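Colleague: Right, I'll just put the structure down here and ask away after.
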Amino acid sequence: MNAENILNEETDVLVIGAGGAGMSAAIAAAKAGSRVIMTDRSLVGRGGATIMAQMTVAVALGEQTPDDWRYHYADTLKAGRGLCSEPLARLLCESGVDAIRLMDSWGVGWARADGHLTQAHAPGHDRARCVYVDYLNTGPAVAKTLRTQVAHDARIQRLGDILVVDLLVEAGRAVGAVAVHLTTGERMVIRAGAVIIATGGLTRLYKRNSASLNMGGDGYALALRAGAHLIDMEFVQFFPIGHLAPRLVGFDPIMWDPFRYKLGGRLLNGLGEEFVEKYGHASEDQGYTVTRDAATYAILKEVEAGRGTPAGGAYLSFQHVPEATLRQAFGPIIDKLAANGIDLTKNPIEVAPIAHYHMGGIRVDVDMSTDVPGLYAAGEAVGGANGANRLSGNAITEAISFGLQAGRSAAAYAGTAATADVQSAATLAEPVLAMLATEPSASEDHVNVAHLIARLQEIMQIHVGPFRNQQGLEQALVEIGQLREEVGDKLQGGTGPQDPVRLDALDLRNMLMVAEAVARSALSRTESRGAHQREDYPGLDEAWTLNQTLSWKDGKWTLATQPVERLSAQAEAELALAGTEQGGQA
């Protein structure tokens, strides 16, 4: 191997991922005085989940209705079905207020009315709490605002089209990473005083998903191989009203939630009947109130009973909403829908659950540190804060508040940690660099990696989807093992610097690992709770009010349970609001 082909970089803080969490982390670390390298496998600030988010951001600002972060916290715990890490949930709700105010000061453009930020009432919240940017522009506006802040800080070096392949760990401490440039094929060794994983979730594992192509669980696999623990991996959130039919071009498949927030919208089965209340939930005549796990359950059970729509979902109807009201709320969008042949005043659309978010992830403390010194995580890469089901609107709040905390923590750690020297880093990187330098497989050994990814997505959709059972989960593990055998030990690759086969092979390496983590955790949890529904264990079991953790070492998995992290007695006392009952309009 020619050492001249290896690029070497050095920094105080390495941030992997440049979505909302990654950019927030980079900004905070830089403001704390650290030099930062921020990498992303797509264009910096233009990939991941944040930029795709079209909906609302939950935060207790009290702009329209009196509110307090403690109420938001209580709703978050309720949605999490008893499994939320209380310190992390508190951090999300309490620090989220300052984080969203900070975004406002940076000019994100939250919608306003009568001099106050407009706040919508989203499912699972006890009052109107969620801010947004008009016309389905929340995520793009947040991403643009963060990109501007990043661009104005000379301490942040932005590296796009960079895929981090593995972390470097020396004496149990994270000291950098090995990466490959997706355009040139150049290999890189990045030395760092601290590393932050902000790579988002894993919903690309599923055939029907709302994710960008870089959401295949990279960060979880990086953390596992570095020695960190994962938590709550069985809890994959399926967005209940992902677009199904008719064909819709140029829109996010989960675009219908803002319509439901603002305008209502009747969920109907294939017979034209409202059905949500049949599954133990209140009628939605007065608004959009049912949480995502409950709506997913109701829709799929109607389909299972033969009362689905032609495309296999449920109808979402806005036919009761006057056209003038539709246009007032979503004027430009109504015209774009018309160009797609969709007239909401005349016809319903078909929706069905779609893999959207992951409640599980890397286990962290309240400062975002992992089990591995020098390794931090932020945003959707973190597990534990949302328990068994994420409360609507918490994702961007989590991304920004956790990102800012991770950046501050990593900068403080890097200020006291020695960076690995060039020779030590080269020695640690050698096995990964050698793997990346392998020659393309002979034609007789060629494996269609893209096809294997599609097969994995099908396996996960069928056996590890919204409804699970022992037989299906065991079958998933068998088939995941078979895929791993088909791939073999040698990294597949094509020819030339821009090598989509090599990229697919690296993706599949991570996706197989993370898929197995989800399936193993789901098989172990013998109850139904939140987003994890076992057909063979249909009820919630209080004995399972536990978090599951997962680690991987020397090719072996260790699955364990731990008590749910609760607040201290002192912290609990601080939550009390004198003279105010939870849920009251103070």
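Throughout, read-outs are computed from the coordinates displayed, never taken from laboratory work. Quick caveat, the model's predicted, so the values are computed rather than measured. Methodologically, a virtual Cβ is constructed for each residue, glycine included, from the backbone with ideal geometry; neighbour enumeration extends over all protein chains shown.
Colleague: Can you tell me, using C-alpha contacts under 8 Å and at least 6 residues apart, the relative contact order of the chain as a whole percent?
Modeller: On the way: 1367 pairs, mean separation 129.5, N = 586.
Relative contact order of the chain: 22 percent.
Colleague: Rounded to the nearest 0.05, what FRET efficiency is calculated for Glu170 and Leu567 with R0 set to 25 Å and r the Cβ-Cβ distance?
Modeller: Working: r = 35 Å, r/R0 = 1.40.
About 0.10, to the nearest 0.05.
Colleague: Still on this structure, I have one more. If you take the beta carbon distance between Lys336 and Thr427 as r and set R0 to 56 Å, what does 1/(1 + (r/R0)^6) give as a FRET efficiency, to the nearest 0.05? The partial results should precede the final answer.
Modeller: Values: r = 55 Å, r/R0 = 0.98.
Result of the calculation: an efficiency of 0.55.
Colleague: Just subtract the alpha-carbon distance of Lys31 and Glu535 from 0.36 nm times their residue separation and send over the number in nm, one decimal. Could the numbers behind the result be given before it?
Modeller: Values: separation 504, 0.36 × 504 = 181.44 nm, distance 4.96 nm.
Between Lys31 and Glu535, full extension yields 176.5 nm more.
Colleague: Once both labels are modelled 7 Å past Cα along the beta-carbon direction, what's the Thr148-Asp104 spacing in nm?
Modeller: According to this spin-label approximation, the distance is 1.6 nm.
Colleague: With unit charges on the beta carbon (Lys/Arg positive, Asp/Glu negative), name the residue among Ile100, Ala21, Ala543 whose Cα is farthest towards the positive pole of the charge dipole of the chain.
Modeller: Among Ile100, Ala21, Ala543, the one farthest towards the positive end of the dipole of the chain is Ile100.
Colleague: How far is helix 138-151 tilted off the main Cα axis of the chain, in degrees rounded to 10, range 0 to 90?
Modeller: 30 degrees
Colleague: What does the extension gain come out to for His116 and Glu277, with contour length at 0.36 nm per residue minus their alpha carbon separation? Intermediate values should be presented prior to the final figure.
Modeller: On the way: separation 161, 0.36 × 161 = 57.96 nm, distance 3.49 nm.
Length gained, His116 through Glu277: 54.5 nm.
Colleague: Also, quick follow-up: Between Thr183 and Thr558, what FRET efficiency comes out of the Förster formula 1/(1 + (r/R0)^6) with R0 = 56 Å and r the beta carbon distance, rounded to 0.05? Numbers along the way, then the final one.
Modeller: Values: r = 38 Å, r/R0 = 0.68.
Efficiency, from the Cβ-Cβ distance: 0.90.
Colleague: Over what distance in Å are the Cα centres of segment 380-418 and segment 130-201 separated?
Modeller: 14 Å
Colleague: I'd like the trypsin sites (Lys or Arg not before Pro) in segment 522-567 restricted to DSSP loop residues with at most 12 other Cβ atoms within 10 Å, sorted by number. Write down the numbers at each step before the final one.
Modeller: Working: sites: Arg525, Arg529, Arg534, Lys553, Lys556, Arg566; in loops: Arg525, Arg566.
Of the trypsin sites (Lys or Arg not before Pro), the ones in loops of segment 522-567 whose Cβ has at most 12 other Cβ atoms within 10 Å are Arg566.
Colleague: Answer rounded, prolate or oblate for segment 240-355, using the Cα gyration tensor with square roots of eigenvalues a ≥ b ≥ c: rounded when a/c is under 1.5, else prolate when a/b is larger than b/c, else oblate. Walk me through the intermediate numbers first.
Modeller: On the way: a/c = 1.82, a/b = 1.42, b/c = 1.28.
Prolate is the answer for segment 240-355, as a/c is 1.5 or above and a/b outweighs b/c.
Colleague: Work out how much length Thr545 to Ser524 would gain on full extension: take 0.36 nm times their residue separation and subtract the Cα-Cα distance, in nm to one decimal. Mind dumping the intermediate values first?
Modeller: Values: separation 21, 0.36 × 21 = 7.56 nm, distance 1.33 nm.
Additional length available on full extension: 6.2 nm.
Colleague: May I ask you to order 373-382, 90-99 by the average number of other C-beta atoms within 10 Å around their residues, highest value first?
Modeller: Ranked by mean Cβ neighbours within 10 Å, highest first: 373-382, 90-99.
Colleague: With both bridge residues required to lie in the chain, what share of the DSSP beta bridges run antiparallel, to the nearest 5%?
Modeller: On the way: 47 of 72 bridges.
Once the DSSP bridges in the chain are tallied, antiparallel ones form about 65 percent.
Colleague: Give the average over all directions of the projected area of the C-alpha convex hull of segment 439-547, one decimal, in nm². Don't jump to the answer; show the numbers that get you there.
Modeller: On the way: hull surface 31.0 nm².
In nm², the orientation-averaged hull projection of segment 439-547 is 7.7.
Colleague: With just the Cα atoms of the chain, tell me how far they stretch along each of the three principal axes, in Å, largest first.
Modeller: 68, 54, 51
Colleague: Measure nothing fancy, just the Cα-based angle from helix 20-31's long axis to the longest principal axis of the chain, in degrees from 0 to 90, nearest 10.
Modeller: 60 degrees
Colleague: Mean separation of Cα pairs under 8 Å and 6+ residues apart, divided by the residue count of segment 103-231: what relative contact order is that in percent? Walk me through the numbers before you get to the answer.
Modeller: Working: 160 pairs, mean separation 17.2, N = 129.
Once divided by the residue count of segment 103-231, the mean separation gives 13 percent.
Colleague: Follow-up. Step by step: find N for segment 486-569, compute 2.2 N^0.38 Å, then divide the Cα radius of gyration by it. What's the final number?
Modeller: On the way: Rg = 18.4 Å, N = 84, 2.2 N^0.38 = 11.8 Å.
Here the answer is 1.56, to two decimals.
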